[in-house]
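*Asks:* Take a look at this one; I'll ask things after.
The values are calculated or read from the model by the stated rules, or taken from the named source; none is laboratory data. Worth saying up front: this structure is predicted, and the values here are computed from it rather than measured. Don't worry about glycine lacking a Cβ; one is built from the backbone with ideal geometry, like all the others, and counts go over all protein chains shown. Quick note on the areas: whole protein, heavy atoms, side chains included, nothing else; ligands and nucleic acids left out. Shrake-Rupley method; radii C 1.70, N 1.55, O 1.52, S 1.80 Å.
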Amino acid sequence: MPVALIWLIAALVLAGAEALTGDMFLLMLSGGALAAAGSSWLLDWPPWADGVVFLIVSVLMLTLVRPPLRHRLSGKGAVMGIKALEGKSALVLDRVARDEGQVKLDGQIWTARPLNEGDVYEPGESVTVVHIDGATAVVFRNG
């Protein structure tokens, strides 16, 4: 069996095992094995040289590719859902007081109440969303 085929099989096995772990470690080793298969097939080097290619490419992928890939796939830093609305500006549509009001937030109409119970915001004013309480945006006046 040609050495390049052995490296290719190793790359596929490592990639398949990665599907079970999801840690991106075995996938980086799979990339090293794929590089070793390519060097073996193209350059016809001795098997020990293919092992060196595997080692170098695997270490490079583990140190340079894996950390940013894991960060990107982890979803940390990506604010989604109602948390993404906090801090955004909204336009007062109907008078916002203690128990009433509506604002237009991100193209949608939300019920709203002021952060401080005594505050009143009139239609046309710009407000900032402090947080979302159920289906109600809690807001305060900009600037």
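*Asks:* I need the calculated FRET efficiency for the pair Val130 and Val65, taking r as the beta carbon distance and R₀ as 30 Å, to the nearest 0.05.
*Replies:* With a Förster radius of 30 Å, E is 0.15.
*Asks:* Subtract the Cα-Cα distance of Leu5 and Val52 from 0.36 nm times their separation in residues, and report this length gain in nm to one decimal.
*Replies:* That works out to 15.2 nm of additional length.
*Asks:* Mind checking which of His71, Thr21, Ala4 is farthest towards the positive end of the stretch 1-92's charge dipole, using Cβ charges of +1 (Lys, Arg) and -1 (Asp, Glu) about the Cα centre?
*Replies:* Going by the charge dipole, the pick is His71.
*Asks:* Carbon-plus-sulfur fraction of the accessible area of the chain, 1.4 Å probe, in percent? Before the final figure, lay out each step's value.
*Replies:* Numbers: 5790 of 8940 Å².
Ligands and nucleic acids excluded, carbon and sulfur reach 65 percent.
*Asks:* Over all directions, average the projected area of the Cα convex hull of the chain and note it in nm².
*Replies:* One quarter of the hull surface, i.e. the mean projection, equals 13.1 nm².
*Asks:* Okay, next question. Magnitude of the Cβ-charge dipole of the stretch 5-143, K/R +1 and D/E -1, about the Cα centre, nearest 20 debye? The partial results should precede the final answer.
*Replies:* Numbers: 11 positive and 14 negative charges, 42 e Å.
With Lys and Arg at +1 and Asp and Glu at -1, about 200 debye.
*Asks:* Which whole-percent values make up P(r) of the stretch 82-141 when all C-alpha to C-alpha distances are grouped in 5 Å steps starting at zero?
*Replies:* So the P(r) values, bin by bin, are 4, 24, 39, 24, 7, 0.
*Asks:* Expressed in whole Å with the largest first, what are the equivalent ellipsoid semi-axes of the stretch 2-74 derived from the C-alpha gyration tensor as the square root of 5 times each eigenvalue?
*Replies:* Each semi-axis is the square root of five times an eigenvalue, giving 24, 13, 7 Å.
*Asks:* Separate question: Could you compute the FRET efficiency for Asn116 and Met80, with r as their C-beta to C-beta distance and R0 at 22 Å, rounded to 0.05?
*Replies:* Efficiency for this residue pair is about 0.20.
*Asks:* Moving to a separate point now. Which is the longest run of the chain containing none of the GluC sites (Glu not before Pro) found in DSSP loop states (not H, G, I, E, B) with at most 15 other C-beta atoms within 10 Å?
*Replies:* 1-85
*Asks:* Also, quick follow-up: Leaving out ligands and nucleic acids, and using a 1.4 Å probe, what accessible area per residue does the chain come to in Å²?
*Replies:* With all protein chains present, the chain gives 63 Å² per residue.
*Asks:* Continuing with this model, one more query. Calculated from DSSP H runs of 4 or more alone, at -39500 (n - 2.57) each and per residue, what is the 222 nm mean residue ellipticity of the chain, nearest 500?
*Replies:* After summing the helix terms and dividing by residue count, I get -14000 deg cm²/dmol.
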